[in-house]
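Working notes, structure below.
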Amino acid sequence: MRNRVPRHIVCLTFDFDTQSGFIARGMTTPTPLSRGEFGALASKRILGLLKSHGIRATWFIPGFTIESWPKECAAVVSDGHEVAHHSWAHVPPANQSREEEEADLLRANNAIVKLTGRKARGYRSPSWDLSEHTIDLLVAHGFSYDSSLMGADYIPYRARKGDVAELGKPYKFGRETVLIEMPISWSLDDYPHFEFVRTPQTVLPGLQSARTVMENWFDEFLYMKRTTEWGVLTYTMHPYVIGRGYRMLALEEFVARLAKEGAVFMPMEDAALEAKAKLFS
Ligand SMILES: [Zn+2]
């Protein structure tokens, strides 16, 4: 049953947060809001780039963005991309009670049904911080994959529930669930490399050279090719971050190089289905 032909999948994923992340952090003065607003403008450029390369991607869209930027979200759908779940208000589940988390999950899924006609198959948590209930809730609500954990790089795995971490004791592993984990990494996310953030508590310098970052990202693909026969590599981007002109040029070149190296681009739901058939059937 194992297919010996090498196959290296790339999922380009876009977290279409617009202003939601700023509002969730209480940054509601005009300039931070406009910073998120830029994502709506940039989404059109990204859709154009994807179309010109014939790539279908996954857009993790908060309910907030669906209801605040309906035309931009409709364009994502009409271009054939997957729309996946990214909360309603961009509040990390780790900061919510189970009831709040479930209510937000349902509200955002309703927005996705209105936009696309279907419930989301995949979930990615805001700020990549799951609660102890998230996996359980995703399974209960029929999701097929999550993309918020970092326990692997190229090989999807089954998300566990009920792990116990206690200081001074060995780690206790919980039970594997049916949920496929499509692993991610901050190193393969545009945000920490590029965004300059200044708050009273911290300064994130960001503002790195786009081509240098993409060189690292490209090497990650080459290493996957060298070390696996079959694998999935996920890159995470935010329209208001990656959509700046010089980053778009670097992204365009990066995508062309990946294609030349044999990358198979697909939406994450398709990669999760392939992983399920290949690894867990
Ligand atoms: Zn986000």
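Observations on the structure shown:
- When A84, A108, A75 are checked against the criterion of being over 17 Å from the mean Cα position of the chain (by Cα), modelled with pLDDT of 95 or more and within 28 Å of F265 (Cα to Cα), a single residue qualifies: A75.
- Checking P170, P126, P192 one by one, the residue that is of a type outside the set (K, R), open to solvent by 50 Å² or more (accessible area, probe 1.4 Å) and within 16 Å of the ligand (Cβ to nearest atom) is P192 and no other.
- Residue identified as under 26 Å from I242 (Cβ atoms) and touching a residue at least 12 places away in the same chain (Cβ under 8 Å) among I135, I112: I112
- Among (1) in a loop (DSSP other than H, G, I, E, B); (2) open to solvent by 60 Å² or more (accessible area, probe 1.4 Å); (3) modelled with pLDDT of 95 or more - the single one G262 does not satisfy: (2)
- Restricting region 62-79 to residues that are outside any helix (DSSP H, G or I) and within 15 Å of the ligand (Cβ to nearest atom), the residue that is least open to solvent (accessible area, probe 1.4 Å): P62
- Test result for R25, within 15 Å of the ligand (Cβ to nearest atom) and modelled with pLDDT under 95: yes
- Residue match in region 143-154 (condition: exposed (fewer than 14 other Cβ atoms within 10 Å of the Cβ) and under 17 Å from R98 (Cβ atoms)): no
- M268 being of a type outside the set (S, T, N, Q), in contact (Cβ under 8 Å) with a residue 12 or more places away in the chain and under 24 Å from G21 (Cα atoms): yes
- Of all residues in region 96-118, exactly one satisfies the criterion of being surrounded by 14 or more Cβ atoms within 10 Å (Cβ to Cβ) and in a loop (DSSP other than H, G, I, E, B), namely Q96.
The values are calculated or read from the model by the stated rules, or taken from the named source; none is laboratory data. Please read all numbers here as calculations on a predicted model, not as lab measurements. We place every Cβ from the backbone using ideal geometry, glycine too, and count neighbours over all the protein chains shown. Each accessible area value is taken on the protein alone, full model and side chains, heavy atoms only, with ligands, DNA and RNA left out. Shrake-Rupley method; radii C 1.70, N 1.55, O 1.52, S 1.80 Å.
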